Amino acid sequence: MSEELSRSLKPVLPACPLSHPIRPHLLYNITSWEYINYDENSHPISYLDDIVSQFTEAILLPSRFLDGISLDVATAFTLLTHTLFRRFVRTRQLSDLECVIEFCRHLLSSGLLVKGIRAQFLMVLGVFLRALDYQTELAPSNDLEDAGWMVAVYRDFVTLDHSDELTPIAFPSIAISLSGKILGSGQSEHLVQMVEHTREAHKLPQLKDNLGLSALLALVLGMYSAFIGADNSQEIAALCDESLSLLPSGHGARHIAHLATWWLASLQLFVVSDVDAIEDGINSVRALLKTMPSGSRDRSICLFGLSDLLRRRYDYFGNEECLKEAKLCAEEAIFQHINRPEMVSLTEALAYSNNSGWMGALLSLRRADSLAATPEDNTVQGVAERYQAIFGTRGLDTTKGSDSNEVTDIEEVIRQCQVALSSTSGGHRDAVNMAIVLLQAHENHGHEELLDKSIDLCKSVVATHSRHRTRFTLLRLLGDALFNRGLSMNRMDDLSEAVAMFRAAFEDESAGAADRLSVTYPWALFSRTVGHPSTSVAYQNAMSVIQSSLVTGPTVQTQHTVMVDLGLCMRMPLEYASYQIETDQLEPALETLEQGRALLWSEMRGLRTSADQLRKVNPALADKFSAISQALEVITTSVSPREDTKTSLHATGDHAEIDPFSYALKEHRRLRQERDQVISEIQALPGFENFFRAFSFAALQDAASAGPVIIINHCHWRCDIIVILHDAPPSIITTPSDFYESANALGSRLLNARRMYLLESKQYDRALRSVLLELYNLVGQPVIDRLEELHIPKQSRIWWCPTAVFCSLPLHAMGPIPSKKKQKQYFSDLYVCSYTPSLSALITARTPTARTSSLSPSLLMVDLPDAKIQGAKKETEMIRASGVQVTDLVSEKATRATVMQGLREHNLVHFACHGQLEANNPFDTSFKLHSDRLTLLDIIRSRLEHPIAEFAFLAACHTAELTDVKHPDEMLHLTAAMQYCGFRSVVGTMWAMADLDGTDLSTLFYGNLFSSSGEDNDKSLFEKSARALRDAIQELRKKQGITLERWVNFVHYGA
């Protein structure tokens, strides 16, 4: 009908009586034309009111036949429904929305629509899905009923003829809306049916060539797999490849294939959220972005996903470039997504299960208008948003005073949650959100009934949703709640059940490495607190997860970042060892301490594992192991990819390119997998069963072959001093109950004094004296007594292997010791002291090689004199007089390149320069050279050929001072780095060094070292160095005006 004819008929309508058979046809034709010409920008709401009234009258009039022609009621009903939806969008009247949903149900299920007319069927289906989206936002709905009913609709839909370009556009809307309902209701059986219906349609002869169905099957399989935690990635990948390779450019079904590919990229994050899954997801999304032109309808979805994945990677490794690109992706996605609500239903369901990340951002965009138009949204979703508005996105602020109105606010949120919960179908999403709100309210304001309700809700969901992907979160939440209630009400059954929940969370198949790591500490802590039998298992799992988490980083710098993020978990080795000692497992406790300390050094030392013995049996396998280890070391000790390498590329919106960090991570992972395979082959050989395995206690005893090693395990549960002997069982020294607090106080007092006073000041001298005296009473005297009981002669060598705060306390200088001698005596006067980061490091330093004493000693002198440093001319002359060849790198000759080369060519090295401490970035701690620096990372990267590297004297500030005070057990300082790179013994400084001391002490030291007399004359230089240092310090102390800190500062590390 033309517009002119419609206008000419409009005046006729009032004259046509209701009973006339032509009236319904007039109404239908006139109103259809008005419907087609509707423009929301120019027509008022009354225009839509008229269309609704006229379509309604045409449908309800009894006379619908004219000359044997029936009125097209189905089309009139369809257009009426769409007009009601148009009016709802403008007015937000819930009565219109309810009518739309009811009418769509009727049209789709009554057979009124002729399914061969695809456009009409798709219109109704599209309106229905959008109406359901709005219903989820604005009013409670029966998720389960909607999902079950829609399965039948979906079954009819997938068997349609899909040969046109309209049908594929509706595919993702149906799948996403349906999966959103299933995710919201917590039921999976309907999603299973949807997969089955799609498979059946895919097999129909008349649809066998329909590539849109292949894409759709991949999509619903991805949703199903993500929901229940199954892995159908191979089938999904094959279906996506088939669709994208055969579908022509611009085909509507490519949209489905893109979504399916995105699900494939994200699938592993739903199944198990670990770093490998994140990296696979990042690379898959980047590859997918390459297929999408700028402005593509699917690009925003992928960009949101990439943003979330990059943020997750940043959480693991702290790479700032990841965070920058994540923000750029989110900004671009939001800009593109503003007018694209295709993903709304799915993102709602996921965001309410975990209200964060890109899904939450999508949800916020879609809901902004509807929330503004709703005076009080009593759905749990609405409550959650008002809850965030009241308390902020980080939850309740426990620091607020009691005079605030928080209690009132919380009670209102709880009331609204209860209203919402009672008015819905009781889906798990509502229950979980309410449980979280109630638990947070209880933690901040008490009220046991809130805690009880939270526990009951969590238990109900856990019991009825055994395979849901949020199960880990629920179990963890339930464990916390039960333990809180058990402690507050002294209920042992709650405490035991809480431990069981933590264990179940750890073992849940959907838990990733980060999830397991987060739950191991409370599991072990609470289990030990209540004496639960799973305590040992919890500690063992914690040790395993900690070690596996660290090695996910491709470089030692990223591994350190992971370590920092582990926080309290890094205490676990000390705590587990204390538990083993408590349960009379002393030797396993020492194995635990060795496995759980100096993890970064141990990991890097493992990359230099000798294959000499293996080469005698299987040269090919030995060469393969060595090659892989060297390649791994190159990556591990490389500089982490800098932020400027890809910033410009990604800033321009080209997010499809693989970033350097991904390359490093991928190569690191590949090499580790190859090495693990090679190690398995080696361990299968006779005699190599223990190759690359952790040291047994019997092997660790070799560390004490030249004298006792004393370990102090500093733990809040209990503290122990353990003396390891080479040919006898370890000897344990019990400590007083206040040992832990006293040691912490001494460490804090010494550190604060160093920060507050000049090292040469009287205030610092008094503080240091008091610390050393109390340290002697706390540690020194009990150790001396035990060494005497064990018949360890005075002047013997002993090694300190400290933990925690003791890593920064001068154990060698404890005292003064009560004595009848005129001169004061300290611990090092009785025993020649050295330090070692770990037992294995000491064993490595002593590994037998060709006699180094048979080599002609040669010394590299790195000398950078200035106004503060006199220079090392005096030491150099004295050393040359001893017949030692000296290579001078003085001032401008001391560059990074010349020093690195010199380290490889000399078995002795002496640094006389400034040391720079970088507390926040330990691998940038350095020696100051001429217009350059030699960093800790540079030293780690050097490979010095054994047995050339023998001894190093680091006459510079801070060379043995901890750069990471939060993780002292890692011993990240320049002295440990020199020992790692090959020098068997190293002298360093615990803090800043007085300028004159380097010259005075080193002159005395080298005089002792190269002396032809003394009890160590038959030993190698590196073995003589500890006694040479001790004797030089004794001589220095006799010098007039030498303060305590000037000799306490120097320490010896190594063999």
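On a 1.4 Å probe surface of the protein chains, which of Met878, Met861 comes out largest in accessible area, and what is the full order? Don't skip to the answer; put the middle values down first.
Numbers: Met878 45, Met861 0 Å².
Listed by decreasing accessible area, they come as Met878, Met861.
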Heads up, I need the accessible area for Glu443: 1.4 angstrom probe, whole protein in place, Å², nearest 10. 110
Listed pairs Lys873/Lys1019; Lys794/Lys824; Lys821/Lys1038 exceeding 19 Å between Cα atoms: Lys873/Lys1019
Which part of the stretch 764-795 falls in the paramagnetic zone of Gln825, meaning amide N under 11 Å from the point 7 Å along Cα-to-beta-carbon? 794-795
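Could you tell me the calculated FRET efficiency between Tyr663 and Ser488, based on Cβ-Cβ distance and R0 = 51 angstrom, to the nearest 0.05?
Details: r = 52 Å, r/R0 = 1.02.
Once the sixth-power term is evaluated, E becomes 0.50.
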With every protein chain present, what accessible area does Lys821 have (1.4 Å probe, heavy atoms only), rounded to the nearest 10 Å²? 130
Too-long pairs where the Cα-Cα distance tops 26 Å, listed order kept, from Lys762/Lys1039; Lys616/Lys1024; Lys822/Lys1039; Lys893/Lys1039; Lys966/Lys1024: Lys616/Lys1024; Lys893/Lys1039; Lys966/Lys1024
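Going by accessible area, probe 1.4 Å, with all protein chains left in place, what is the ranking of Thr1003, Thr291, largest first?
Thr291, Thr1003
Over the stretch 905-1055, with every protein chain in place, what whole percent of the accessible area is carbon and sulfur at 1.4 Å, could you tell me? Don't jump to the answer; show the numbers that get you there.
Details: 2040 of 4610 Å².
Answer for the stretch 905-1055 is 44 percent, counting heavy atoms of protein chains only.
Is the shape of the stretch 627-785 rounded, prolate or oblate, going by the alpha carbon gyration tensor and its root eigenvalues a ≥ b ≥ c, with a/c under 1.5 for rounded and a/b larger than b/c for prolate?
Details: a/c = 3.45, a/b = 1.40, b/c = 2.47.
Judged from the Cα gyration tensor, the stretch 627-785 comes out oblate (a/c at least 1.5, b/c at or above a/b).
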List Met492, Met572, ordered by accessible area with a 1.4 Å probe, largest first: Met492, Met572
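Can you give the local net charge around Thr844? Use residues other than it whose beta-carbon is closer than 10 angstrom to its beta-carbon, Lys and Arg +1, Asp and Glu -1. If you can, show how the numbers build up before the last one.
Working: positive: Arg605, Arg608, Arg846, Arg984; negative: none.
Combined, the nearby Lys, Arg, Asp and Glu give +4.
Calculate, in nm to one decimal, what Ser42 and Glu674 gain on full extension: separation in residues at 0.36 nm each, minus their alpha carbon distance. Could the numbers behind the result be given before it?
Details: separation 632, 0.36 × 632 = 227.52 nm, distance 6.80 nm.
Working it through step by step, the gained length comes to 220.7 nm.
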Gyration tensor on Cα atoms of the stretch 468-613, a ≥ b ≥ c root eigenvalues, a/c under 1.5 rounded, else prolate if a/b beats b/c, else oblate, says oblate
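Let me check I've understood the local charge: for Thr83, count other residues with C-beta under 12 angstrom from its C-beta, Lys and Arg +1, Asp and Glu -1. What total comes out? Provide the component values of the computation, followed by the final result.
Details: positive: Arg86, Arg87, Arg90; negative: Glu34, Glu40, Asp49, Asp50, Asp96.
Taking every Cβ under 12 Å from that of Thr83, the sum is -2.
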If the chain between Gln630 and Lys966 were fully stretched, how many nm would it gain, using 0.36 nm times the residue separation less the Cα-Cα distance? 117.9 nm
With every protein chain in place, what's the accessible area of His906 (1.4 Å probe, Å², nearest 10)? 10
If r is the Cβ-Cβ distance from Glu57 to Lys203 and R0 is 45 Å, what FRET efficiency results, to the nearest 0.05? 0.45
Only sites in a loop by DSSP and with at most 15 other Cβ atoms within 10 Å count here; which trypsin sites (Lys or Arg not before Pro) in the stretch 668-769 make the cut? Arg693
Within a Cβ distance under 12 Å of His930, other residues only, what is the Lys/Arg minus Asp/Glu net charge? 0
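The values are calculated or read from the model by the stated rules, or taken from the named source; none is laboratory data. These figures come from a predicted structure and were not determined experimentally. When we count neighbours, we look across all protein chains shown, and the Cβ atoms used for this are built from the backbone with ideal geometry, even at glycine. Surface accessibility is based on the protein's heavy atoms, side chains included, excluding ligands, DNA and RNA. Shrake-Rupley method; radii C 1.70, N 1.55, O 1.52, S 1.80 Å.
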